[in-house]
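The values are calculated or read from the model by the stated rules, or taken from the named source; none is laboratory data. Since the structure is predicted, the reported quantities are computational estimates derived from the model, not experimental observations. All Cβ positions, glycine included, derive from the backbone under ideal geometry; neighbour counts span all protein chains shown.
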Amino acid sequence: MRKKGYGIALAMNVRVNPSVDLGKGSSEMKQATIVTLAIVNIMLQFVDGLASYHILSAGVPEENPLVANYIAHWGVFGGLLYSKAIGCILVILIFMLRKRVETVVVHGLTIMACVYSILAVLLIMKMVVLFA
């Protein structure tokens with residue numbers, strides 16, 4: 001026999017059986033999301049560095065003053081390598097905070113991925129204009 005209100009509880013996604021732990025699966029899924037976001041951010045750093053190298057090798061000046069300063073001191077390859085290493089270290093440091101502030105890490109890595117995705121698209125558009 002069905003308990004009264006059981007259908008309403010299911011429709012509202014309310015836990016009826018308190019012995020079932022729904023939080024653990026959610027936490028594992030969030031951890032997997034954080035790992036994926038960290039990998040995507042590292043890959044975006046690599047793509048950004050590669051695209052920047054090709055554009056800078058074509059003679060286009062660097063627009064980021066901080067990276068331009070690194071390039072002035074260590075050359076194109078050294079300056080880009082240093083700036084991308086800093087970016088990767090930042091991603092790793094954010095990733096290491098995943099156990100303490102899980103939600104903040106997800107948002108931080110998501111924002112970084114969005115920013116670098118937009119920058120990657122802009123760099124690819126710049127390459128198409130320069131090399132087409």
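At a glance:
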item	result
Qualifying residue in segment 35-44 (condition: without any contact (Cβ under 8 Å) to a residue 40 or more places away in the chain and surrounded by 16 or more Cβ atoms within 10 Å (Cβ to Cβ))	no
Members of segment 83-132 that are of a type in the set (Ser, Thr, Tyr) and over 17 Å from Phe46 (Cβ atoms)	Thr103, Thr110
Residue match in segment 21-42 (condition: at pLDDT 90 or above and not aliphatic (A, V, I, L, M))	yes
Positions within segment 118-132 being surrounded by 15 or more Cβ atoms within 10 Å (Cβ to Cβ) and of a type outside the set (A, V, I, L, M), in sequence order	Lys126
Residue list for segment 74-121, restricted to those being in contact with a Gly (Cβ under 7 Å, 6 or more places away or on another chain) and under 16 Å from Tyr53 (Cα atoms)	Leu80, Lys84
Selection count, segment 55-73, where residues are more than 23 Å from the chain's Cα centre (by Cα), touching a residue at least 12 places away in the same chain (Cβ under 8 Å) and surrounded by fewer than 13 Cβ atoms within 10 Å (Cβ to Cβ)	2
Unmet criterion (only one of (1) under 21 Å from Val129 (Cα atoms); (2) at pLDDT below 85) for Leu10	(1)
Hits in segment 93-117 - residues which are crowded, with 18+ Cβ neighbours inside 10 Å and in a helix (DSSP H, G or I)	Ile94, Phe95, Val105, Gly108, Leu109, Met112, Ala113, Tyr116
